[in-house]
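Enquirer: Have a look at the structure that comes next, please.
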Amino acid sequence: MTTQTQPPSSTRPSILIVEDDANLRLGLRDNLRDEGYDVTDAPSAKDAAPHLQARAFDLLILDVMLPGEDGYSFCRRLRAEGVKSMVLMLTARSLEDDLVRGFEAGAQDYLTKPYRLRELLARVQALVRRAGTAPPQVMTFGAFTLDLGRRAVLRADGSEVDLTRTEFDLLAFLLRHRDRALPRGEILDAVWGRDVVVDPRTVDNFVSNLKKKLGWTSTSGFTIHTLRGVGYRMEVLSGGPS
């Protein structure tokens, strides 16, 4: 394997997932793509090699228990070959010796399975920032701008929409996952957290409040569709997220 010299082919943060569990790998890939990342995936170190030869990645997400060459050995070899990407190790083991082994191999972070998606996304965001890139922080929808860094929603005239913390998180989640059917349960896990017991109909009340605070009408340039028996889907009709 040659040392990475080519810059990423996309201006978006680039991530390579190396995970042999197909369901976990593809689910993680889709979630990260929804967050605005440029994501490539492979089931083993051998399958990841051509991708690493072709381009540089901002972040590598490596499962420890890979078929053939394990994640520790793979990470150690990549470092010896000059690969500078940030590395997040995923493992089902949480013993201190395993964590130390991961860091000694050259990883920057370590996450134990099963993990919560929100925690993984937060760690990914922190690592790509350290790599010098970050997912989009400002998104537009209709006449509004949502600024993740400032945690503010602004109207076209620059005035700020008064949203609660949960209302902001809900709007950001719907917007970042626009054009996807989002079940109420998925929304609750992402916005309220899996450890919080909340009536699924709470989502309905918050969506209704959001529409009122945003002064939504049929000409607003965006809509939040109610999907009967499922949940919601946000659609940006004009001025999509930047």
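Enquirer: Collect the residues in the stretch 124-155 that are under 21 Å from V236 (Cβ atoms) and not in a loop (DSSP other than H, G, I, E, B), keeping them in residue-number order.
Expert: Scanning the stretch 124-155 gives V138, M139, T140, F141, F144, T145, L146, D147, A152, V153, L154.
Enquirer: Another question about this same structure. If a residue must be closer than 17 Å to V83 by Cα and either small (G, A, S) or surrounded by fewer than 18 Cβ atoms within 10 Å (Cβ to Cβ) (or both), how many such residues does the stretch 110-132 contain? Talk me through it step by step, then tell me what you get.
Expert: Filtering the stretch 110-132 down to residues closer than 17 Å to V83 by Cα leaves 127-128, 130-132.
From the residues that got through so far, the ones that are either small (G, A, S) or surrounded by fewer than 18 Cβ atoms within 10 Å (Cβ to Cβ) (or both) too are 130-132.
Residues meeting the conditions: 3.
Enquirer: Kindly evaluate A172 against the criterion of being crowded, with 17+ Cβ neighbours inside 10 Å, within 28 Å of A143 (Cβ to Cβ) and of a type in the set (G, A, S).
Expert: yes
Enquirer: Additional query: Of everything in the stretch 59-73, what is touching a residue at least 40 places away in the same chain (Cβ under 8 Å) and within 24 Å of the chain's Cα centre (by Cα)? Give them in sequence order.
Expert: Answer for the stretch 59-73, where residues must be touching a residue at least 40 places away in the same chain (Cβ under 8 Å) and within 24 Å of the chain's Cα centre (by Cα): L59, L60, I61, L62, D63, M65, L66, G71.
Enquirer: Could you look through the stretch 186-205, keep only residues that are at negative phi and in contact (Cβ under 8 Å) with a residue 40 or more places away in the chain, and pick out the one that is most open to solvent (accessible area, probe 1.4 Å)?
Expert: Within the stretch 186-205, the first condition is being at negative phi, and the residues that meet it are 186-192, 194-205.
Subset that is in contact (Cβ under 8 Å) with a residue 40 or more places away in the chain: 186-187, 189-190, 194.
Working: E186: 53, I187: 0, D189: 62, A190: 22, R194: 143 Å².
Checking each candidate, the answer is R194.
Enquirer: Please tell me if V39 is within 29 Å of L188 (Cα to Cα) and of a type in the set (A, V, I, L, M).
Expert: Answer is yes for this residue.
Enquirer: Quick check: anything in the stretch 148-155 more than 30 Å from S85 (Cβ to Cβ), touching a strand residue (DSSP E or B) at 6+ places or on another chain (Cβ under 8 Å), open to solvent by 50 Å² or more (accessible area, probe 1.4 Å) and modelled with pLDDT of 90 or more?
Expert: yes
Enquirer: Can you name the residue in the stretch 22-40 that is polar (S, T, N, Q) and assigned to a helix (DSSP H, G or I) and, of all such residues, is modelled with the lowest pLDDT?
Expert: For the stretch 22-40, the residue satisfying everything is N31.
Enquirer: Pairs, please: C-beta under 8 Å, at least 6 apart or cross-chain, first residue among the charged types (D, E, K, R) and in the stretch 144-159, second in a strand (DSSP E or B) and surrounded by fewer than 17 Cβ atoms within 10 Å (Cβ to Cβ)?
Expert: What qualifies is D147/V138.
Enquirer: Could you check the stretch 49-118 for strands (runs of 3 or more DSSP E) lying wholly inside it with 1 or more residues that are among the aromatic types (F, W, Y)?
Expert: Filter on the stretch 49-118 gives 109-112.
Enquirer: Which one of the conditions (1) open to solvent by 30 Å² or more (accessible area, probe 1.4 Å); (2) touching a Ser or Thr at 6+ places or on another chain (Cβ under 7 Å); (3) modelled with pLDDT of 90 or more does P43 fail to meet, given that it meets all the rest?
Expert: Condition (2) is where P43 drops out.
The values are calculated or read from the model by the stated rules, or taken from the named source; none is laboratory data. Everything quoted here is computed from the prediction, not taken from an experiment. Ideal geometry is used to build each Cβ from the backbone, glycine not excepted, and the neighbour counts take in all protein chains shown. For accessibility, only protein heavy atoms count, side chains too; no ligands or nucleic acids. Shrake-Rupley method; radii C 1.70, N 1.55, O 1.52, S 1.80 Å.
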